[in-house]
Each structure stands twice: as C-alpha cells, then as structure tokens.
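Okay, structure first, notes after.
The values are calculated or read from the model by the stated rules, or taken from the named source; none is laboratory data. It should be emphasised that the depicted structure is a prediction, and the values quoted were computed from it without experimental measurement. Neighbour counts are summed over all protein chains in view; Cβ atoms, including those assigned to glycine, are modelled from backbone coordinates with ideal geometry. Side chains included, ligands, DNA and RNA excluded: accessible areas come from the protein's heavy atoms. Shrake-Rupley method; radii C 1.70, N 1.55, O 1.52, S 1.80 Å.
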Amino acid sequence: MCLGIPGQLVELCADNDQLARVEIAGVRRVINIGLLEDEVLAPGDWVLIHVGFAMSKIDEDEAAMALASLQLMGSGLDDEMRMLRGTTP
Amino acid sequence: MRFVDEYRDPVAARRVLERIRELADPDRHYKLMEVCGGHTHTIYRHGIEHVLPQNVELVHGPGCPVCVIPMGRIDDAIALAETPGVIFTSFGDMMRVPGSHGSLLEAKARGADVRFVYSPLDALQLAVENPDREVVFFAVGFETTAPSTAVTLVTAREDGVANFSVFSNHVTIVPPIKAILDSPDLRLDGFLGPGHVSTVVGNHPYRFVARDYGKPLVTAGFEPLDILQAVAMLLAQLREGRCEVENQYTRIVRDEGNPRALRFLAEVFELRPHFEWRGLGFIAQSALKLREEFAPWDAELRFAVPGVRVADPKACQCGEVLKGVLKPWECKVFGTACTPETPIGTCMVSSEGACAAYYSFGRLHREAAVTLGRVTG
C-alpha cells in the first residue's frame, strides 16, 4: 500500500495542469501531479507514483531501482498493476 | 541499471557489513526498530537479519497501514458497504482483512457492491459516473496516502460531487512511535525511520525521539544497501554517544518534507481526539478526520456507522507483532491456522505485514540460517 511505483511522463494534460499521462511498466494512465511543488515536469521525466499521485520527481536510475525492487516483491507489484489496469481512466 | 547494481552490489554490501561489525560493541545487544512495513519486506526478502551480527537485532514496527486498522473499523466498513444504494470502494489490500463477520470480499460475495480502486480519484470518478448511487471511499494509510485523499476531497468540493464521501481511517506516524517508546514491553536502541512517509512529513517530526527519549533515528530507503547503511549510521551514533535524527534516504526525502502535501492535509483533515490501533489500543491524536468544512463528504456523518469496538480473535497476536514484542514465527497460529490464504490477523494480509513477508520469504532464510547454525530455533 505504501508502495511507490516509478512512472515516466508521456505528456502533460493540456486542459488540466494537475494531470499528466504516464507510462508505468508498460501501462499508460493519467495521474495527478498536483502534490509536486515547484517541480518543473516535462515528458521523459520520472516520478514515484503512489495511489495515482506523483509523490516525488526521481531520476532514471532511481526509477530502475524502484522497479527492480517491486519486481522482486512479486505479488505486491502484481496487485498494484492489476489495480492500475483495472481502473484506467 | 547502474544505480540498481550499485545498491545491490555485494562488494558494497560487504563493506557496509564490515563497518557494522566494527561499530557494534560485542558486549552489547542492539534492538533497532524498522518502523515501516516496506522495510520489513526488504529485510525478509533479502535475508538482511541473517547477515547482521547476531547482537544487532531488527524489530518490526507498526508502519503497515493495513495491519493497524482494528477489527471494529472493518465491521464499520462492511456496514457501509451493505448500506442500500452504496458503491463501496477500497484499495485491494483492505479487501481480505477479516472483520468479526468476515471481510469486505465476503460482503461482496453476499451481494454488497464493493469495488477495488487504485486511487481515491478513481472512486470520485465512479461517483461522477453513477449520480444515482452513493460512492464511499475507504481511506486508509499514513501521511504517504492521506494527501491523495485530501486532494480528492478538495476536487469533490470544487466540482460539486455530492454523492461521494470518505470513510477516513488515515493515521499518523508519530503517535505510535511515541506509544512504543512509552511502552514498558520493549527496550529499543534506535529507529529506522520510514522512507515514503517522510517524503511528506520530512524529518523534523522525529526530533522528539532524539530529544525526549534519547534514541537515534535514521530515515532509510528501501534497497538492501539502504537498510544496511542506515543500521551503520545508527550504530555509529550509538558508538559515538550521539543521538540525532539523520537522513540516509537523501535522494528522495527532504528534511522539510513536501510542503504542498502538508498544506492539503491541514486544509482537509484535523486530528481525532482518539483512535484505536490494532495491538496498540487507543492512542490520542493519532488519526485524521475530515474538518467540519468537509462534513458533506464525511461518510461517518452521512451514514449510520456502528462504531463498535471489537476485540481481536483470541488466537491472534498481531498486536504483539506490531509492537515488535513478538516475531512472526513466535505467534501461536503463524503458518498453521493463519496463512496468507486464510488470514486470521492483518499482519498476514498485507505484503507489508511482517507475518506475510516472513511467510513468503523470511522463513526460508531462517531455515537456512538455523541449518547453518547462525541462529538457534
């Protein structure tokens, strides 16, 4: 539940500056970026995502590391990805 | 994967372990509590407890949001889910937590409209799509998760979504740490501070641990090397007679946390006078309720919630596990009556729960360690 999943920004939503489309382990979905203060985000940037919200901007290495950890968690990541796919807005 | 390799590098790990062995006084036994369930998971997954010197013991703490929700609140959630007209939404890991009359999953099987959501925003979207239904979101989690609920509530108010409400079970990290420090059951030498909660609250809220209780705390990341480095930092403090709040996870956690997330929390939530924690009992000002301005979106005000306190099943020792008094394998029902498939207690449900993590990974490391004579029984 406290998992952070790394996602890569695909595009910022033109009609709502709180939202961005990201790709998370091959799945695309819209997330909320409203909690990131003073961070300039651009397509290609990586963020750590928790329950549909970007919590921190991270670098590519950190993203790779977080994903590798999650893959080791097995069911933890599976559950998270199932949720993600099941409710893609 | 340069960075990953760096944090999994056995040579680097051996160097830190050497440092840990140098720092640990052989005549002393160290008990260090990892507050966060994510850390517990890493520790069991990688067998960290068995590479540490035997006198450096890691003790699991209360930082698993699913685990600390008491049975009565699960019953309340099920009552809400069974209210006619309600679509009850929950994160997946809450679905299997047993209440006194079964879990949300069983309520769903009986006909309640219970749905998994990935994000509170998905629950809000469901409300928009189903204007003739009442959508209730089962909000759980520490300060990592609570800002997301806060943003969702602000959005619901801005967009005038009247058929959405939140059943708040958000809890805060500092009061249980204080409760554990005040408890006579356990003598701890220091804490590994929670990584992701600290991205929101920062490191300042932990100062009381050093100042008032004379214990060091090091906020740690989730890689095996992060945990080892944090252990070394704690031992260095103890060795040098220092007692400070330090940050090992500087690549993510800032001392001041995330001010915007904290502003959202302050706008939407206030502290409850009391909240019951599984195993820790009632702790004053340890949980978040919606402020009066958000009363129209507060499920506890809009629906009849039983609010009955329910004692844990007698066989269940999650309370002792959450306080770090018992290790998972010391619980009477661990792995026999209580398994991830048929959990009796919460610690066996969530992947961050100490029992589930130990069941999946730890016991294999432990069996190997016992065989090799590293630990006894």
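Counting only residues that are open to solvent by 10 Å² or more (accessible area, probe 1.4 Å) and either in contact (Cβ under 8 Å) with a residue 40 or more places away in the chain or at negative phi (or both), region B:152-177 holds 11 of them. Taking region A:23-56 on its own, how many of its residues are open to solvent by less than 50 Å² (accessible area, probe 1.4 Å) and not β-branched (Val, Ile, Thr)? Qualifying residue count for the region: 17. Of all the numbered requirements in (1) within 18 Å of A:Val51 (Cβ to Cβ); (2) within 14 Å of chain A (Cβ to nearest Cβ), B:Leu105 misses one, and that requirement is (1).
Scan region B:325-364 for residues that are open to solvent by less than 40 Å² (accessible area, probe 1.4 Å), at pLDDT 85 or above, in a loop (DSSP other than H, G, I, E, B) and not β-branched (Val, Ile, Thr) and the total you get is 8. Filter region B:178-219 down to the residues that are away from chain A (no Cβ under 14 Å) and either of a type in the set (Val, Ile, Thr) or touching a Phe, Trp or Tyr at 6+ places or on another chain (Cβ under 6 Å) (or both), then identify the one that is surrounded by the fewest Cβ atoms within 10 Å (Cβ to Cβ). Restricting to residues being away from chain A (no Cβ under 14 Å) and either of a type in the set (Val, Ile, Thr) or touching a Phe, Trp or Tyr at 6+ places or on another chain (Cβ under 6 Å) (or both), the top hit is B:Leu181. Any residue at all in region B:14-29 that is within 27 Å of the chain's Cα centre (by Cα), within 14 Å of chain A (Cβ to nearest Cβ), of a type outside the set (D, E, K, R) and not in a helix (DSSP H, G or I)? No, every residue in region B:14-29 fails to be within 27 Å of the chain's Cα centre (by Cα), within 14 Å of chain A (Cβ to nearest Cβ), of a type outside the set (D, E, K, R) and not in a helix (DSSP H, G or I).
Reported count of residues in region A:38-57, each being farther than 10 Å from A:Gly7 by Cβ, touching a strand residue (DSSP E or B) at 6+ places or on another chain (Cβ under 6 Å), at the interface with chain B (Cβ under 8 Å from one of its Cβ atoms) and touching a residue at least 24 places away in the same chain (Cβ under 8 Å), is 2.
When each of B:Gly72, B:Gly99, B:Gly63 is tested for being modelled with pLDDT under 90 and open to solvent by less than 20 Å² (accessible area, probe 1.4 Å), the lone residue that passes is B:Gly63. Within the bounds of region B:282-304, is there any residue that is among the aromatic types (Phe, Trp, Tyr), under 21 Å from A:Met55 (Cα atoms), in contact (Cβ under 8 Å) with a residue 40 or more places away in the chain and part of a helix (DSSP H, G or I)? No, every residue in region B:282-304 fails to be among the aromatic types (Phe, Trp, Tyr), under 21 Å from A:Met55 (Cα atoms), in contact (Cβ under 8 Å) with a residue 40 or more places away in the chain and part of a helix (DSSP H, G or I). In region B:260-279, the qualifying residues are those that are in contact with a Gly (Cβ under 9 Å, 6 or more places away or on another chain) and within 29 Å of A:Glu62 (Cβ to Cβ), and the one that is farthest from the other protein chains (Cβ to nearest Cβ) is B:Leu262. Of the set (1) surrounded by fewer than 24 Cβ atoms within 10 Å (Cβ to Cβ); (2) at pLDDT 90 or above, all apply to B:Gly47 but (2).
Looking at B:Ala150, B:Ala146, B:Ala210, B:Ala179, just one residue is of a type in the set (A, V, I, L, M, F, W, C) and at pLDDT below 95, and that residue is B:Ala179. In this entry, B:Cys36 is excluded by the filter for residues that are touching a residue at least 24 places away in the same chain (Cβ under 8 Å), touching a helix residue (DSSP H, G or I) at 6+ places or on another chain (Cβ under 7 Å) and more than 11 Å from B:Ile227 (Cβ to Cβ).
Taking the criterion of being among the charged types (D, E, K, R) and over 23 Å from B:Gly92 (Cβ atoms), the residues of region B:327-362 that qualify are B:Lys327, B:Glu330, B:Lys332. Go through the residues of region A:47-56 one by one and say whether even a single one is modelled with pLDDT under 90 and out of contact with any helix residue (DSSP H, G or I) (no Cβ under 7 Å at 6 or more places or on another chain). Taking every residue of region A:47-56 in turn, none turns out to be modelled with pLDDT under 90 and out of contact with any helix residue (DSSP H, G or I) (no Cβ under 7 Å at 6 or more places or on another chain).
The single condition from (1) within 30 Å of B:Pro62 (Cα to Cα); (2) out of contact with any helix residue (DSSP H, G or I) (no Cβ under 7 Å at 6 or more places or on another chain); (3) surrounded by 19 or more Cβ atoms within 10 Å (Cβ to Cβ); (4) modelled with pLDDT of 75 or more that A:Ala20 fails is (1).
All conditions but one from (1) free of Cβ contacts under 8 Å to residues at least 24 places away in the same chain; (2) of a type in the set (A, V, I, L, M, F, W, C); (3) not in a helix (DSSP H, G or I) apply to B:Val218; the one that does not is (1). Each residue in region B:251-279 was checked for being under 18 Å from B:Pro65 (Cβ atoms), in a loop (DSSP other than H, G, I, E, B) and either open to solvent by 20 Å² or more (accessible area, probe 1.4 Å) or among the β-branched types (Val, Ile, Thr) (or both), and 2 pass.
I'm checking my understanding of the structure. Among residues of region B:115-153 that are out of contact with any Ser or Thr (no Cβ under 9 Å at 6 or more places or on another chain) and assigned to a loop (DSSP other than H, G, I, E, B), which one is nearest to the other protein chains (Cβ to nearest Cβ)? The extreme case among them is B:Thr145. Please indicate, with yes or no, whether at least one residue in region B:97-120 is within 19 Å of A:Leu84 (Cα to Cα), polar (S, T, N, Q) and in contact with a Pro (Cβ under 8 Å, 6 or more places away or on another chain). So far as region B:97-120 goes, no, none of its residues is within 19 Å of A:Leu84 (Cα to Cα), polar (S, T, N, Q) and in contact with a Pro (Cβ under 8 Å, 6 or more places away or on another chain).
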